[in-house]
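J.: One structure, as structure tokens, below. Some questions next.
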Amino acid sequence: MEQEYGRKILLDSAAREKLLADNRKQVTELKKANLGEFDRVLESGISVIIATYDGAERIGLVLNSLAHQTLDPRRYEVICVVNGKDNGTSDVIKNYQRTYPSVSIRQFWREEGSAGGARNLGLDLARFSRVTFVDDDDDVELGFLETALGSSTGTNIVLSPIINISPDGVIDGENTLNQRIHKLRGQTVPLAEVPWALGFNACKLFPREYARRARYRDDLASGEDLVYFAELLQYPELKVTVPQDLDAASYLRYTRDQSVSRQSLTFNFAVEQRLACIKALESIPIKENTPQMRAAEQLKAAQAGFVGRYLKENLEEKEAVFSAIEHSGIRTFPWKTVQLDQAKDLAFVYCFAPFSDTSAVVAAKAIVERGRVTDVITNDMSKVRRYDYAVSALADRWIADREIISSHPSFAGWEPICDFAEKALVVAERKHALNGSYENIYSRALWVGSHVAAALFKNKHWNVRWTAEFSDPLRRDAEGQERPGKLTDNSTAEYLKSCIAARGFGYLPMNTLFDVVELVTLVTADELIFTNQNQMDYMLSLYQDSSLEELVRRKSVVRHHPTPPAYAYDLVQTSYTVPAGVVNIAYFGSFYSNRGIGDVLQALTNSQQEIRQQIRVHIFSNKPEEVAQAVKDLGLGPNIYSNPYLSYMEFLNATKLFDVLLVNDVQRDSNLPVNPFLPSKYSDYLGSGVGILALVDEDSPMSRMDVDYKVPVGDVPSLIAVLEKIVKQKNQNLAA
């Protein structure tokens, strides 16, 4: 890390002297290179690029047609790149060079056999302002170049007709692709409107300026042409034009049984190669929520279609296919194309991916843990939460359909909560009827709209099993105070109260909306999930009702926050780096100077110098500027890296970089007899394989967890000792 140079200078005098000595020995002379004229002045015309491999028997056909084009030969060139072993192709090309000296036929050789690499070389060598690719086993009509050039501008791709010719000579001018092209005859449309035009090399003429902005990828066994042309979606100004006059202007494609489009659906071709192609498409930097991004998604879906077709023909390989997808590194795979099972589960999750929110993330992990194909009904949170599409990758495998309700998002507004719940109920009833009935429903809160919608549905369908999860107590906040939420006596409130009364608990207090929602969930759900035992005990203690307590405990389970699946930690690669040779400790969370990470700063300040200089603490918080000022005041600047929050998926990947991950309990208020909270970060840390340092409250849920290092909150002397232990263990590992 670049910053580490300065930190090491400040902290270690011996290292400082060594670095200074090394620098004194170094003498660097910068020589300004005169590259001269880097590029030729572009000539107006066409560079025809032919990548040929073992093409001696077939390349003559297209060279003959190119030599007789109606376009003035001074307006075009033919670049032949022989790649791999030359079986006599060069001799054929030389013969055409001698026979047609007025036509610029240029020949080059590339040792490695790669069509993509050969095309890249051709692009580098192109002299003219426009480029087109022709395969060595295809042909073109005599007006192909002139017609295309006549419709070419600096910002369009010209599509020419394409006629298929079978091995037995059958001419097919009515193929699907040619029909699409003819429908655009005489028109110019945005590139994003015709993504199908990007899936092949043939019959396209486009500006060299754009052609050189992308490269054919050598790491793709197939689909490299699709990925190359998909790169053009980065430029919204690009259009597609089909000329009006198409006479004698067609590309002639000779179909072969061994062509990619005709390959048999093997696991390698239909699954592994298609996944590699989708991942490459995903790497193209296209702006979210644009026509260009939607076009790219269509291209990904088309590739995923191969996977879906393979799966239908090989159902016994379902787990192998799904495992390949999950471990492919693709962030947003179009799972609908391969999801063959009908959803029998329905999840009401008010806040869900792709919105960035802790509740949304934990709900996604819960659906993964349940391991059942599920329909999801959620709310549009765009007014209060940003999008984080990568989070969707956590649970997409298990989601058959996702319905987003358009309702004003609200945490404690009863009317908008009811609006969501009633709209969600309508959607759920429709899907319940169409899908042949749900067997299970699931809801999770702190966003209580989830439980309200589930309660409405459950109390109309008693045969459907309802599992309800509490992330936190609803009626009390983090300080143990009554959570404010005015309850309006509308029809939804009256209905929920009647459901409670029907089960014999109408006498319990219901003053706020949180009272009603918590109680109707406790009473009518078939299964209740609490994240820890303290949480359940605390929530029930507030009622002081033995009948309710008996009912709840009988149908409750304690389940900690789910840990993400292993593949999730590599879906989004972080660019963050850590220095070598020191102990790197990371803290992800809110910053409080008087607790949590504040304890660590105090411990670091009071540690021995030889220990302190070997520790780097990386803080990812909501207040990076405040952190920076605090560490400056403490004189810990060289030891601390202050950063803003990472996105959730990048955070997962980043956890693997460190030696130790720090998690702390919230400071318990005097109104709380026990600590009912288990930080969700703990479950995320578990999957990283990295050591965990927990600062724990007395008898808290986390105090009972099995972690590498455990220190009571506020016990700075014990924390100093633990930091020393961590440093010594690191040094022992380095010496081993």
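Where a number appears in this text, it was derived from the coordinates with a stated rule and is not lab data. Worth saying up front: this structure is predicted, and the values here are computed from it rather than measured. Heads up, the Cβs are rebuilt from the backbone with ideal geometry, glycines too, and the neighbour counts pull from every protein chain shown.
J.: Would you kindly state how much longer the chain becomes between Q544 and E43 on full extension, computed as 0.36 nm times their sequence separation minus their alpha carbon distance, in nm to one decimal?
T.: The span from Q544 to E43 would gain 171.6 nm if fully extended.
J.: Continuing with the same structure: In whole Å, largest first, what are the principal axis extents of the Cα atoms in the range 305-425?
T.: For the range 305-425, the Cα spread along each principal axis is 50, 27, 24 Å.
J.: Give a residue-ordered list of calculated ³J(HN,Hα) values for the range 327-333 (Karplus: 6.51 cos²θ - 1.76 cosθ + 1.60, θ = phi - 60°; whole Hz; x for Gly, Pro).
T.: 9, 6, x, 6, 7, 10, 7
J.: Here's something else I'd like to know. Over every pair of different alpha-carbon atoms in the range 568-735, take the mean of 1/r and invert it; report that Kirkwood radius in Å.
T.: By the Kirkwood definition, the hydrodynamic radius is 16.2 Å.
J.: Among L184, L63, L672, which comes first, second and so on when ranked by fewest other beta-carbon atoms within 10 Å? If you can, show how the numbers build up before the last one.
T.: Details: L184 17, L63 26, L672 21.
Ascending Cβ contact count within 10 Å gives the list L184, L672, L63.
J.: Share of antiparallel DSSP beta bridges in the chain, in percent to the nearest 5?
T.: Working: 15 of 92 bridges.
Around 15 percent antiparallel, to the nearest 5.
J.: Which number gives the lysine pairs in the range 13-254 that have C-alpha atoms under 18 Å apart and are eight or more places apart or on different chains?
T.: Taking the range 13-254 as the scope, the lysine pair count is 4.
J.: When the Karplus curve 6.51 cos²θ - 1.76 cosθ + 1.60 is applied with θ = phi - 60°, which whole-Hz ³J(HN,Hα) does each residue of the range 517-523 get, with x for Gly and Pro?
T.: Each residue of the range 517-523 in turn: 5, 4, 5, 5, 6, 4, 7 Hz.
J.: Another question, then. Name the aspartates and glutamates eligible as straight-distance cross-link partners of K623: C-alpha to C-alpha under 16 Å, and not fewer than 8 places from it in the same chain.
T.: D633
J.: Something else now. Once amide H atoms are placed 1.01 Å from N in the peptide plane, what residues at a sequence separation of 5 or more from T512, or on another chain, have their amide H within under 5 Å of its amide H?
T.: Under 5 Å from the amide H of T512: no residue qualifies.
J.: Turning to a different aspect of this structure: Output the antiparallel fraction of DSSP beta bridges having both residues in the range 294-410, as a percent to the nearest 5. Before the final figure, lay out the partial values.
T.: Working: 1 of 11 bridges.
Taking every DSSP beta bridge with both residues in the range 294-410, the antiparallel ones total about 10 percent.
J.: Karplus couplings for the range 283-293 from phi (6.51 cos²θ - 1.76 cosθ + 1.60, θ = phi - 60°), rounded to Hz, Gly and Pro as x?
T.: 7, 6, x, 10, 5, 5, 6, 10, x, 5, 5
J.: Among (i) 14, 35, 31, 18, 2, 0; (ii) 13, 33, 27, 17, 8, 1, 0; (iii) 16, 43, 32, 10, 0, only one was calculated for this model; which label is it, if the read-out is P(r) over Cα pairs in 20 Å bins from 0, in percent?
T.: Read-out taken from this structure: (i).
J.: So how much slack lies between K18 and E429, counting 0.36 nm per residue of separation and subtracting their Cα-Cα distance, in nm? Please list the in-between numbers first.
T.: Values: separation 411, 0.36 × 411 = 147.96 nm, distance 7.35 nm.
Gain on extension, K18 to E429, equals 140.6 nm.
J.: Be a star and scan the range 439-473 for residues whose amide nitrogen sits under 12 Å from the point 7 Å along the Cα-to-Cβ vector of D526.
T.: 439-442, 458-459, 461-468
J.: Suppose R0 equals 25 Å. What FRET efficiency, 1/(1 + (r/R0)^6) with r the Cβ-Cβ distance, do Y235 and R106 give to the nearest 0.05?
T.: The calculated FRET efficiency here is 0.35.
J.: Just rank T241, T188, fewest to most, by other beta-carbon atoms within 10 angstrom.
T.: T188, T241
J.: Mind checking which aspartates and glutamates have their Cα closer than 16 Å to the Cα of K486? Skip sequence neighbours fewer than 8 apart in that chain.
T.: Result set, ordered by chain and number: E415, D419, D477, E494, D515, E518.
J.: Here's something else I'd like to know. At K555 and N671, where each label point lies 7 Å from the Cα along Cα→Cβ, what is the point-to-point distance in nanometres?
T.: Between K555 and N671, the label points sit 2.9 nm apart.
J.: Something else about it: Subtract the Cα-Cα distance of H408 and T153 from 0.36 nm times their separation in residues, and report this length gain in nm to one decimal.
T.: Working: separation 255, 0.36 × 255 = 91.80 nm, distance 4.69 nm.
In short, 87.1 nm is gained.
J.: Using mean Cβ contacts within 10 Å as the protection proxy, how do 375-382, 71-78 order, highest first?
T.: Descending packing order for the listed peptides: 375-382, 71-78.
J.: Now for a different question. Under the rule of at least 5 residues apart or a separate chain, name every residue whose amide H is placed under 5 Å from the amide H of V131.
T.: Amide H to amide H, under 5 Å and 5 or more residues apart or across chains, V131 pairs with S47, F206, R208.
J.: Considering amide H positions built from the backbone, and no H for Pro or chain starts, which residues 5 or more places from V242, or on another chain, come under 5 Å of its amide H?
T.: L159, G186, Q187
J.: Then there is this: I'd like to know which of A445, A412, Y495 lies farthest towards the positive end of the charge dipole of the range 387-537, counting +1 on Cβ of Lys and Arg and -1 on Cβ of Asp and Glu.
T.: Result: Y495, furthest along the dipole toward the positive end.
J.: Then there is this: Using helices alone, what [θ] at 222 nm do you get for the chain, with -39,500 (n - 2.57) per DSSP H run of 4 or more residues, divided over all residues and rounded to the nearest 500?
T.: Numbers: 25 runs with 265 residues, N = 736.
So the calculated ellipticity at 222 nm is -11000 deg cm²/dmol.
J.: On a 25 Å Cα-Cα criterion, which of the cross-link pairs K300/K431; K287/K681; K287/K383 come out too long?
T.: K300/K431; K287/K681
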